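Reading through the structure tokens given below for one structure.
Nothing in this text is a laboratory measurement; each read-out follows from the coordinates by a stated rule. Everything numeric here is computed off the predicted structure, so don't read it as measured data. Cβ: placed from backbone, ideal geometry, glycine included. Neighbour counts: every protein chain shown.
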Amino acid sequence: MNSLLPSLSLAAASYNEWAVLGLLFVIAAGFAAANVVLSTSLGPKRKGLIKDEPYESGMNPVGDTKQRFNVRFYLVAMIFLVFDVEVLFLIPFITIFPQYDFLQLGAYGIKFGVLFAAVLTFMAIILVAYLYAWGKGVLKWD
Amino acid sequence: MELHVKFLVPEIILLVAACVVTLLGLARADSTRKMTQLIAALATALAFAASLGLFGNPIAVPQSTHVFFNSQYITILACAIGFLSVLSSWDMPARGEPGQTDSNYRGEFFGMMLFSLAGVAMIGKVNDLIWLFLVLELVSIPTYIMVATGRSQIIAQEAGVKYFFLGALAAAIFLFGFSYLYGFAGSTRFVDIAAAFTAASTSHTVPALALIGLLMAIIGISYKIAAVPLHFYAPDVYQGAATPVTAFLAFAPKAAGFVAIISIVSLTGFNYASSTGSVLQTLLTVMAILTMTLGNVLALLQRNIKRILAYSSIAHSGYMLVGLVAGKGTPDSPMSDGITATLFYLGGYAVMNLGAFAMLIYLQGKADAGEDLDDLAGVSKDHPAAALLFTLCLFSLIGMPATIGFLGKLYIVQSALASGHGTLAVIVVINAAIAAAYYLKIVAAMYLRDPLYPFVVRPQFPLKVAALVCTFAVIVLGIMPAPLLNVTNKAGLPSGPPAVHIDMPTPQPLVLGN
């Protein structure tokens, strides 16, 4: 299976270079269709009162899921994004973290001290976003 | 490489000011919040000085880094037009009647404007597809917010949402194109992609997917410049947004989009003779013809002035695309250089368009006034100076001689003729004639009709300054274009990949323990 796709695309490319594009669309459409068809045809269908209830982490459900949520949930989710993006950038930074020396060369031939300052600047900008959210009263729940 | 931060002084000024302004907008005291636009004006003025190198900072980014060939011009343009944009949106964001400012959102508004301007200033200094995407979004995402918060009417919310979702669609299209370019070259850096195109076109083996990547990238970015096929959002969004925001929308995304498209085309070395280049040229030709014709013809049908100016903005994108079709020309005939013509037109359009919009803002003394042609009837009786300035800017948009609009069209047509695109040049001239009809309709309403009701204007002094400076520039640069021409011509055009290749050391693996 591992070598099937490259060899298929090679075969297609030797036929016509545009055939690769056609192959891509066939795979994309096929994947989407196969998922729907296979899961409806192969999946076991057991209906029942308990099965049809919304799943609430094992608790007994207290009501319908179709209700309005407080807009604050979405705001908190957006602050979460601030930190999520921060982590997303900090982890690659850690992987190029030199062991000892601030004058050691890191990625792109930049001295580590400069790299460190860049990351601190980045965190300061993230902090501005956080302070803004705080000042707007997103963290106040009442 | 670390020294390259020194080329970003104007952008850093704008970004720091954007952070300060955003936080200052949260201040409890209204008087503190009112300082935000002062700081924004100061920051753009400082950034303008920095973009000219007045602080001793280096400005000319070396060609060896394979950035856009004239990044300095774009930075200067962004800072100058940014300063005038801040002046012309002095009492933004509006609430109800003009003059009543919703100062709760003032910090956000000017913060977002500065973020977007920083993106425009930076777009020429991009040398990587990832950077190109990030900077294009840095330009665009703040403008979505500005459209939605600039005005408290529901029509602005609708415009903001529409602009955001369609913008996301366009971003998906050009990102998809970028992914194919990456798949073709194995690198996101311009220097590597350009080298891959050079190698592939000399051996006549440019794969179809690379071509698809180029086409999708250009078509996706055509959203930013409001060109066919992704032009359709412009009238609704321009009409829904507050007028100062509309003026900003007609500049920031368009400037960034044009630089991005030129950067993408430059990956193939502007070699329209190659098979890849000829496909690109065909695409750009079709886009140019459709964009200017559609923009001008549909503008004839409008009665709302902001919709007229929206369609006119589409049409002007079409003219600028003609310069791209002409390409970089031959070294022995400078007039065949369509890229410089496009950059000149971009600067000229930014100035004359902002001048026209500033006068429109000035004349919108009441909420929802100055939207329809009837609202401007007989302006010249009560406000002759305002009507005159507005008329001069509109004449420049038509392309009347002795204005910058005329020179812009002249250079575009010259480059099209010199590169053998006579038909395209004829279409430009016919379109310029069609365009005169709807611009003159506005002029006629101001001069030949009687006022329907007493006129109220916005008295802000900065707004008057912005309008005066723009009109002055339209006339002076229309007669003496040398200063602008010198900046647009600087540094020559890139020819294929650069000589110097910067090697990136392999990142050291993370060693845990011992």
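The table for this structure:
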{"read-out": "Farthest positive-ward along the protein assembly as shown dipole, Cα basis, beta-carbon charges - from A:S41, B:A247, B:Y272", "value": "B:A247"}
{"read-out": "Partner chain coverage, peptide A:114-123 - average Cβ within 10 angstrom", "value": "1"}
{"read-out": "Cα centroid separation - region B:299-341 against region B:104-142, whole Å", "value": "23 Å"}
{"read-out": "Order of B:C393, B:C19 - criterion: other Cβ atoms within 10 Å of each residue's Cβ, fewest first", "value": "B:C19, B:C393"}
{"read-out": "Loop-resident sites, region B:275-375, for chymotrypsin sites (Phe, Trp or Tyr not before Pro), counting at most 11 other Cβ within 10 Å (DSSP)", "value": "none"}
{"read-out": "Nearest 10 degrees, 0 to 90: helix B:422-448 Cα axis against chain B principal axis", "value": "20 degrees"}
{"read-out": "With eigenvalues of the C-alpha gyration tensor scaled by 5 and rooted, the protein assembly as shown, Å", "value": "40, 34, 28"}
{"read-out": "Segments B:75-82, B:453-460 sorted - mean Cβ within 10 Å per residue, highest first", "value": "B:75-82, B:453-460"}
{"read-out": "Dipole in debye (nearest 20) - the protein assembly as shown, about Cα centre, beta carbon charges: Lys, Arg +1; Asp, Glu -1", "value": "620 debye"}
{"read-out": "Shielding by partners - mean other protein chain Cβ count within 10 Å, residues of A:131-137", "value": "4"}
{"read-out": "0 to 90° range, to nearest 10: angle between helix B:71-88 axis and chain B longest Cα axis", "value": "20 degrees"}
{"read-out": "Most positive-pole-ward Cα, B:C19, B:A29, B:Q364, against dipole of chain B from beta carbon charges", "value": "B:Q364"}
{"read-out": "Burial ordering of B:I412, B:I398, A:I91, fewest other beta-carbon atoms within 10 Å first", "value": "A:I91, B:I398, B:I412"}
{"read-out": "Residues B:T188, B:T32 arranged by fewest to most Cβ contacts within 10 Å", "value": "B:T32, B:T188"}
{"read-out": "Per-residue average of Cβ from other chains inside 10 Å of B:201-209", "value": "2"}
{"read-out": "Principal-axis tilt of helix B:461-479 within chain B, Cα atoms, nearest 10 degrees", "value": "60 degrees"}
{"read-out": "Farthest toward positive dipole pole in chain B [+1 Lys/Arg, -1 Asp/Glu at C-beta], among B:Y345, B:N486, B:S89", "value": "B:S89"}
{"read-out": "Rg/Rg_globular for region B:7-489, with Rg_globular taken as 2.2 N^0.38 Å and Rg from C-alpha atoms", "value": "0.93"}
{"read-out": "MRE, 222 nm, helices only [DSSP H, n ≥ 4, -39500 (n - 2.57), over the protein assembly as shown, to nearest 500]", "value": "-22000 deg cm²/dmol"}
{"read-out": "Length-normalised contact order for chain B - Cα pairs under 8 Å, 6+ apart - percent", "value": "15 percent"}
{"read-out": "Placed amide H near B:D372: partners under 5 Å, 5+ positions off or other chain", "value": "B:I305"}
{"read-out": "Cα centre as origin, Lys/Arg/Asp/Glu Cβ charges: chain B dipole, Debye", "value": "400 debye"}
